[in-house]
Each structure stands twice: as C-alpha cells, then as structure tokens.
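Take a look at the structure set out below.
The values are calculated or read from the model by the stated rules, or taken from the named source; none is laboratory data. On a predicted model such as this, the values are computed, not experimentally measured, just so you know. All Cβ positions, even for glycine, are placed from backbone atoms using ideal geometry, and neighbour counts span all protein chains on display.
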Amino acid sequence: MHISKLSLINYRNFANTKLLFNKGVNTIIGENGSGKTNLFRAIRLLLDDNMIRSAYRLDSTDFHRGLEKWQGHWIIISLEFEEISADEAVQALFCHGAGIVDDEPVGRATYNLIFRPKKEIRLSLSQLDDGDHDGLAAIQNSISIEDYETIFTGRSAADFNDDKFYKEVVGDFENARFSEEIEFPVIGAKIPSVLSVSKEISFTFVQALRDVVSEFHNNRTNPLLSLLKAKSGDIDPVAFQAITDGVKALNDSIESLQDVQVVRTDIRDTIKDAAGEAYSPASLSIKSDLPDEADRLFQSLKLFVGESTEGYEGPIHELSLGGANLIFLTLKLLEFKYQKAKQSIANFLLIEEPEAHIHTHIQKTLFDRIQYDETQIIYSTHSSHISEVSNVQNMNILGREPDRCEAYQPTAGLTDEEIGNVQRYLDAVRSNLLFAKSVVLVEGDAEEILIPILIKKVFGVSLDELGISLINIRSTGFQNVAALFHSDRIRKRCSIVTDLDKAIIDTTLIAGEPEAVQQRKKKYQASQEKGIARKAALEAAFNGNPWIASFFASHTFEVDFVSAGNARKVVGILPEVYKDKATIATAKADLESADVALYGQRALTIADNYGKGWLAILLGKKIDSDAAIPEYILRAVAFAHPVVKKEVWFNVLSYRLKLQEEDIFSAATTEQCNAFRQKLTAFLNGEIDFVSIRNEVLAAFPDDRINDVLKVF
C-alpha cells in the first residue's frame, strides 16, 4: 500500500494543491518558504500517531493566508492510497474505514481530515438567500475557532481539488451562495478513532536536522532513548533489579564517605549560624544523583562517537554538525527498521531536508542507499545534489506564487520517450533547473558566461536577484527540456535563447567564382536553413503554450553582440587574440565597419579559432556598464520575469544614477541628477508610476544604456 495522492485545500500556504506519489522513493523539491514543512505536517496529521491530538486542535493560523476571511471556510487534507493488500484484516479496516466500497476487494482508499464549522454554523449559512453578502458577513463575524470541528472520513468519492466541489459543498463565498443541505455523503463516512489508519501502519518522520544536540538532550525526542525502549519494550523491573540494587549500593557508599558527611554537617552548622534555627531547613542531605530506577537509567545512557582514527570517542555535542546530523539520521532510520519489523499493513518514511550540514557526496549516497522493501519514502529537499539523483517521474516541485504555494508534477502528460529525454538531461547536466522561479535556456558557453555579466553590469542586479536561472543545455535540442514547462507540469516561465544563423553574406552561387568562395557560401546557406528549421520547430512545439517563448539572434550571439553596439569591447581583446600589429589593425577595421560581412566574419573567425567559451571569458573582462545588451536577450529576460518589483527598479535606476554622477564625461549636470533622485524617491513612494519614471530617465539621461532596457520592459 502506498500514498498516491495528497490534496490540500485552504491549509496554510496551500490554497488548492495536489501532489502525486508513486511507490518507492519520492522527492518533494522546493526553495525555502515553499511549504515543504507544512506539507509534511499535513501528512503527519493523518498518519503520525504522535500528531493525532494536534489534528483535533487546528487554529485560525492553519487556514490559507490568502483567504479574505477564514470564518466559514473548510480545511481539507486528503490522502489517497493505492495497491491495498487483499489480506482480510487489511480489507476489514478499509471497508469499514477509508475504502471505496465495491464488490471486489478494495484496491484504492481515501482518508481525509476535514476541519469545518459545526452544524449550527453550517445550518445558518444554508439558510442565507443567494447574494446576501450582508448576511454572510454577519455570520462570519460571529464565528470563532471554537465553532469548528475536526472529523476524519473515508470512502469519499469527491475530487476535493475541484472548485465546483468546494462551491457546491462548502459554499460560494464570492457570490454568497450556499446549498440548503448541510451533510454531504460525497465527503465520505466518518471514521471512529478506534479505526484510525495511523494505528495500523509503520510511520517515521525525520525532521529537518537543525539542532541535533538539543534533540539528544530532550528525553521526548532523543532517538537513542526511543530505540532502546523500542528494542526492549516496557522495562522489566525484575530484569533490572540486580542493576538497580547495585546503583543503590553505590549511591549509599558515596553518601556515607567521611568527607561527604563532614561537609554536610558544616553546611547545616553554617546555615544555623547565619539564619538561626527558626529559618534553617528542617533537613539537609548530600546524595548521589545516579538514577536507581530502570526508566531513568535508560535516560542516562549517552552515545559517544569517534570521528577520527585517534581512538577518542566524545559526546554528540563535540561532533561536527555534519557528523552529529548523520548520527541522528542513522538512529531515526534504525527506529524505522524496528517499527517496520512489527509487520504493519504499510510502511512510510518521511525525511525532511536531509542535506543540512551533510557533505555533497554523503547526500547523494544517502539518497541512493536509503531504500527499503515495501516502504514508501518521501524526501523534501532544496538540494540540487539530491534532485540530480532523483527520478523525475517521482518528483513534486513546489513553487511560490505571491499569495500561495503550488505543486507541479514535471512529467505529467509526457510520453515515456519524453520522460527518458528529460531524465537523461537532468542526469548529465547538473543545474538548478528544477528550483528556478523562471528560466532562460541558452545553447552554448558564450551565452552562459556573458549574459549574467551583461545583466549585472547594466542593471546593477544579478539574474538571481531577478529570480531567473540561466541554464546552458549545450545544444539546440531545447524541446527535450522546455517540455517541462506547461500548464499541466511546471507552471513557470521559460525563455529559449538561440540563433537563427542568418547568413552574413549573399549566398547566391555565381558561376566561375573560386571553389573556396562557393564552399563558404554553401556553409552559410546550410546554417541559415538549419536556423529557419529550428525556429519553425520551436514555434510548432510550443504554439499555444503560455509558459514558453523563443527569442532568436538574427545571426549568432557573437555577431549580434557586435551589431548591438559592442564593437569597442571586442576590439579591446584583440591584443590577447593576435600578436601581429598589422593583423590587429585589420581586425580592428573589420569590427568597426558597418558591414556585417566584415565585422561578422571577424567575430566568427575569432570564435571558431579560439573557442566561443574562451572568447566569452576574454570579453567578460571588458564588459562594463556602457555595454549594449542585444534586444532579443532583453526580450527573453522580460518574458521570463515580466513583473519587476518597484523596489528592484528603484535599485536598478539608483545604480544608473550613481554611474551618471561618477562619470566625468557624462553630460548630466548635478542639478539634473538631484532632480532625478527626487523623482526616483517619488516612484519608490508610489507617487508616480513606472511609465512616468521611464520617461524621466529618457529625458534626464537620453544616452544611458538603461533606456534600451526600459523600452523592452
């Protein structure tokens, strides 16, 4: 038996979210704040016996933060199970509990936690006239958290993620419409606590490893103590009698030492001398604190570990963070093994962010080796190292939107061949593709090296600060990777940046011209035809997909970089490319020419002869704030990140203003700069809009490169 689906409705930062799981090892990927901890807590509220009491005590803070008013709304946490055993005892649990009843043995079951208003409130809502917003507001204002109840249900047939279900059963709050019914069989039958699924399964949760030492010091969370108790069961006082008798004898021996008795007498006499008989304690003893009870003896056991080969073993607090975390995780895994040995109907192991303070190689090894038969394991992580060794079919990706968090299944709807292509790419190219807020895909090293530098130098902020990940796929096979971005899969924007490879010369063949010239024309013509075909293929593949857009260099990145107005930057690296002064002079004249056949051929010759990556590294040293970003790249960035926060624009324009103030060749006067600074402050305060500040920049600094950027956004 395994979890196949988790639905979350109005729970914390999840408004309406669905996660899908498979047998074996599953991975939940997400950046900080994307809801991984909340998601695990939701699962635990249903399956972790240690959390069941918390499930009955949900609070107003558990409601989705995007609700205008939480009063009247429901929280729904639903688990769906598949491949339930045909064993009679197991079938009895689900047929009477969470199963979907049929003539055949139950193979699929739901188990739901529903936090809803009590019957009186639901009845009041059902009696409202359609559109009675004032009546709805009055009822909502009267509701407190005490007016809510928690129920567990099974055998539900509802699709809880369907907005239609919510409006029909819970209510349409936007239009103030509520059903006259207050009980709905579709949500399932109530399950009594004696039939709780949590009592019949093996479930272990390993929380994020942030403060391991305190966990060992807490008897409630100490994994060593849990293991010892689990292994021995209830402590047998008879078996421990000889040990406890020995400890008592040892305590008596320590307490009866002559020096101990003398110090005790001296303390009593000193107190009486200082405070008098009336205020002195009635009795005073010095006793050994060694526990002489079996349970407390277990609690006194400590784990000692040696990290070096010197033979020294120290307590947990002396270990490195990584070492302590590895020990803690090991003990929790052993705890799971002990539970699993009890032959539960299903085994679940949840591990939250195992990467904390653990070396990269250990992260990958742990993920690869922690696999148990008949066990479903669910990891949460924001480690790209773990994501690299995860099966993309068993992934859920969490994304943060302004008012909620969402879950994406990256392979939903893809064919087996497409899934294989994606998996091979993720195995071969180690990137942060799955963690990105938005993505720009590029085909080569030059774009990977230079685009981030151009953005940083011109904008004054990095691609990371804009929330964009630039991914080099090292080919023109964009379809294999971009297929991840789709309304059914990862709902994040993806820009594709590639070349049209338009010929920089007339490729018409002329009879009688030299063979070398004809070969050159044929080469350019072939590249141009491939560029046209590439454009057609991308447009056909992603036509109608709102998450993907393609942007093309007219020729190639190197040629279009010069065309944009960066000839001077390329000229600056010529002494590092050529040694002969005459060649440098010729190359300089070519690059400064207005003829694309000349400057384009020179740029391509340098790139072909010395390598595009090497050329990009040299150019990166010459790029400054006056560099021109080719328009197709700006449009790609604008598509990937269409909404730039006001605060980010303020930082960008403040950076450009500072450059104007520091540039001794700038035509801007001090008065112009001060006047613009006031306009910029007004923009930050919301007194003028983006269009107005864009016009102010153009008027104050017409020659500033930032105007190229502002025209696109």
For this session: Just give me the residues in the range 599-611 being of a type outside the set (Lys, Arg) and either crowded, with 16+ Cβ neighbours inside 10 Å or not assigned by TED's automatic domain parsing to the domain that holds Ala567 (or both), in sequence order.
Result: Tyr599, Gly600, Gln601, Ala603, Leu604, Ile606, Ala607
Exercise. Which one of these is outside any loop (DSSP other than H, G, I, E, B), among the aliphatic types (A, V, I, L, M) and under 30 Å from Asn674 (Cα atoms): Val652, Val644, Val559?
Worked result: Val652
For this session: Determine which single condition Gly72 fails, assuming it passes every other condition in (1) modelled with pLDDT under 95; (2) surrounded by 13 or more Cβ atoms within 10 Å (Cβ to Cβ).
Result: (1)
Exercise. Which residue pairs have Cβ atoms closer than 9 Å, lie 6 or more positions apart in sequence or on different chains, and pair a first residue in the range 629-641 that is over 10 Å from Arg493 (Cα atoms) with a second residue that is among the basic types (Lys, Arg)?
Worked result: Ile629/Arg705; Glu631/Lys711; Leu634/Lys711
Exercise. Which members of the range 105-135 meet the condition of being outside any strand (DSSP E or B) and surrounded by 15 or more Cβ atoms within 10 Å (Cβ to Cβ)?
Worked result: Pro105, Val106, Gly107, Ile121, Arg122, Ser124, Leu125, Leu128, Asp132, Gly135
For this session: Would you be able to say whether some residue in the range 136-152 is at negative phi, in contact (Cβ under 8 Å) with a residue 24 or more places away in the chain, in a loop (DSSP other than H, G, I, E, B) and of a type in the set (Val, Ile, Thr)?
Result: yes
For this session: Would you check if there is a residue in the range 40-49 being touching a residue at least 40 places away in the same chain (Cβ under 8 Å) and more than 26 Å from the chain's Cα centre (by Cα)?
Result: yes
Exercise. On the given criteria, is Ser469 surrounded by 17 or more Cβ atoms within 10 Å (Cβ to Cβ) and in the same structural domain as Val440 (by TED's automatic domain parsing)?
Worked result: yes
Exercise. If you go through the range 530-556 one residue at a time, how many are modelled with pLDDT under 95 and in a strand (DSSP E or B)?
Worked result: 0
Seminar exercise, completed: Note on Arg424: of the conditions (1) touching a Pro at 6+ places or on another chain (Cβ under 6 Å); (2) modelled with pLDDT under 85, unmet is (1)
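Looking at Ser438, Ser462, which one is in contact (Cβ under 8 Å) with a residue 24 or more places away in the chain and of a type in the set (Ser, Thr, Tyr)? Before the answer, list the steps.
Working: Ser462 fails: in contact (Cβ under 8 Å) with a residue 24 or more places away in the chain.
Answer to the selection: Ser438.
In the range 192-202, how many residues are surrounded by 14 or more Cβ atoms within 10 Å (Cβ to Cβ) and either modelled with pLDDT under 85 or under 13 Å from Ile52 (Cα atoms) (or both)?
Going through the range 192-202, the residues surrounded by 14 or more Cβ atoms within 10 Å (Cβ to Cβ) turn out to be 195-198, 200-202.
So of that shortlist, the ones also either modelled with pLDDT under 85 or under 13 Å from Ile52 (Cα atoms) (or both) come out as 195-198, 200.
Final tally of qualifying residues: 5.
Has the range 674-681 got at least one residue that is in the same structural domain as Asn651 (by TED's automatic domain parsing), of a type outside the set (Asp, Glu) and not in a helix (DSSP H, G or I)?
Residues of the range 674-681 in the same structural domain as Asn651 (by TED's automatic domain parsing): 674-681.
So of that shortlist, the ones also of a type outside the set (Asp, Glu) come out as 674-681.
Filter once more, so that each one left must be not in a helix (DSSP H, G or I): none.
Among the residues of the range 674-681, not one is in the same structural domain as Asn651 (by TED's automatic domain parsing), of a type outside the set (Asp, Glu) and not in a helix (DSSP H, G or I), which makes the answer no.
Could you tell me whether Ile510 is closer than 27 Å to Ala627 by Cα, out of contact with any Gly (no Cβ under 6 Å at 6 or more places or on another chain) and surrounded by fewer than 20 Cβ atoms within 10 Å (Cβ to Cβ)? I'd like the intermediate steps shown before the answer.
Numbers: closer than 27 Å to Ala627 by Cα: no; out of contact with any Gly (no Cβ under 6 Å at 6 or more places or on another chain): yes; surrounded by fewer than 20 Cβ atoms within 10 Å (Cβ to Cβ): yes.
It is false that Ile510 is closer than 27 Å to Ala627 by Cα, out of contact with any Gly (no Cβ under 6 Å at 6 or more places or on another chain) and surrounded by fewer than 20 Cβ atoms within 10 Å (Cβ to Cβ).
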For this session: Kindly check whether there is at least one residue in the range 649-666 that is more than 15 Å from Ala700 (Cα to Cα), touching a residue at least 60 places away in the same chain (Cβ under 8 Å) and not assigned by TED's automatic domain parsing to the domain that holds Lys492.
Result: yes
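Within the range 46-68, is there a residue that is assigned to a loop (DSSP other than H, G, I, E, B) and in contact with a Leu (Cβ under 7 Å, 6 or more places away or on another chain)? Spell out how you get there, then give the answer.
Taking the range 46-68 and keeping what is assigned to a loop (DSSP other than H, G, I, E, B), we get 48, 56-59, 64-68.
Filter again for in contact with a Leu (Cβ under 7 Å, 6 or more places away or on another chain), leaving none.
Taking every residue of the range 46-68 in turn, none turns out to be assigned to a loop (DSSP other than H, G, I, E, B) and in contact with a Leu (Cβ under 7 Å, 6 or more places away or on another chain).
Can you tell me which residue in the range 143-176 is surrounded by the fewest Cβ atoms within 10 Å (Cβ to Cβ), limited to those that are of a type in the set (Lys, Arg) and under 31 Å from the mean Cα position of the chain (by Cα)? Talk me through it step by step, then tell me what you get.
Start the filter on the range 143-176 by keeping residues that are of a type in the set (Lys, Arg), which leaves 155, 164, 167.
Going one step further and asking which of them are under 31 Å from the mean Cα position of the chain (by Cα), we end up with 164, 167.
Numbers: Lys164: 9, Lys167: 16.
Taking the candidates together, the pick is Lys164.
What residue, of Asp689, Asp703, Asp624, is assigned by TED's automatic domain parsing to the domain that holds Arg520, out of contact with any Cys (no Cβ under 9 Å at 6 or more places or on another chain), surrounded by fewer than 17 Cβ atoms within 10 Å (Cβ to Cβ) and not hydrophobic (A, V, I, L, M, F, W, C)? Can you show your working first?
Numbers: Asp689 fails: assigned by TED's automatic domain parsing to the domain that holds Arg520; Asp703 fails: assigned by TED's automatic domain parsing to the domain that holds Arg520.
Going through Asp689, Asp703, Asp624 in turn, just one is assigned by TED's automatic domain parsing to the domain that holds Arg520, out of contact with any Cys (no Cβ under 9 Å at 6 or more places or on another chain), surrounded by fewer than 17 Cβ atoms within 10 Å (Cβ to Cβ) and not hydrophobic (A, V, I, L, M, F, W, C): Asp624.
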Exercise. Which of the following residues is surrounded by fewer than 22 Cβ atoms within 10 Å (Cβ to Cβ), polar (S, T, N, Q) and in contact (Cβ under 8 Å) with a residue 60 or more places away in the chain: Gln525, Gln479?
Worked result: Gln479
Seminar exercise, completed: Listed by range, helices (runs of 4 or more DSSP H) wholly within the range 205-305 having at least 3 residues that are at pLDDT 70 or above and farther than 17 Å from Lys332 by Cβ are 241-255, 258-275
Exercise. For the range 562-591, which residues satisfy the criterion of being in a helix (DSSP H, G or I) and in contact (Cβ under 8 Å) with a residue 40 or more places away in the chain?
Worked result: Val562, Ser563, Ala564, Gly565, Asn566, Lys569, Val570, Glu576, Val577
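Is the range 445-455 home to any residue that is assigned to a loop (DSSP other than H, G, I, E, B) and either on the phi > 0 side of the Ramachandran plot or out of contact with any Cys (no Cβ under 6 Å at 6 or more places or on another chain) (or both)? It would help to see each step written out before you state the result.
From the range 445-455, those assigned to a loop (DSSP other than H, G, I, E, B) are none; that's our starting set.
No, every residue in the range 445-455 fails to be assigned to a loop (DSSP other than H, G, I, E, B) and either on the phi > 0 side of the Ramachandran plot or out of contact with any Cys (no Cβ under 6 Å at 6 or more places or on another chain) (or both).
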Seminar exercise, completed: Apart from one, (1) surrounded by fewer than 18 Cβ atoms within 10 Å (Cβ to Cβ); (2) assigned by TED's automatic domain parsing to the domain that holds Ser550; (3) assigned to a helix (DSSP H, G or I) all hold for Ala594; the odd one out is (3)
Exercise. Residues of the range 153-177 being in contact (Cβ under 8 Å) with a residue 24 or more places away in the chain, at negative phi and of a type in the set (Lys, Arg), which ones?
Worked result: Arg177
